[in-house]
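Structure, as structure tokens:
Here, each number is a calculation from the coordinates, and none is a lab measurement. As the structure is a prediction and not an experimental result, all values here were calculated from the model. Note: ideal-geometry Cβ built from the backbone for every residue, glycine included; neighbour counts use all protein chains shown.
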């Protein structure tokens with residue numbers, strides 16, 4: 001969908017795109033089979049069609065985290081898309097008392113501990129509400145965000 005805005009300085013129409021920039025989504029894994037074409041402006045729906053079962057986002061620095069057991073992958077896109085790390089999926093450790101799930105994975109020199117808490121979370125930039133709070137410790141850097149199950 002393309003709308004236009006009028007520029008105040010030159011009274012010209014300028015295009016306004018209503019879809020995510022092409023580099024704002026993580027690249028699909030080579031084994032991913034797309035099921036159907038969702039709207040281009042819905043990254044959560046795109047992730048779901050790729051078989052992602054859990055997705056989280058965070059800010060400062062921007063991050064996207066996806067868990068896809070269909071292709072045995074935990075994907076972390078960090079620093080607003082500049083760093084992409086793919087980890088082999090590992091079985092989650094569930095702690096029922098604290099309603100917490102954790103994954104400990106390593107790929108080469110990169111180590112990640114992912115903790116998913118069944119606790120409400122609000123994205124501090126968009127104001128969107130999620131039912132899961134996420135903490136990612138990647139190579140001793142702590143990142144936080146919010147997420148939800150997609151499948």
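Numbers below:
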| read-out | value |
| --- | --- |
| The stretch 76-94, residues that are surrounded by fewer than 16 Cβ atoms within 10 Å (Cβ to Cβ), in a strand (DSSP E or B) and without any contact (Cβ under 8 Å) to a residue 40 or more places away in the chain | 83, 88, 93, 94 |
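Every residue, every condition in (1) part of a helix (DSSP H, G or I); (2) within 13 Å of the chain's Cα centre (by Cα); (3) without any contact (Cβ under 8 Å) to a residue 40 or more places away in the chain, yes or no:
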| position | (1), (2), (3) |
| --- | --- |
| 44 | yes, yes, no |
| 52 | no, yes, no |
| 55 | no, yes, no |
| 74 | no, yes, no |
| 101 | no, no, yes |
| 106 | no, no, yes |
| 111 | no, no, yes |
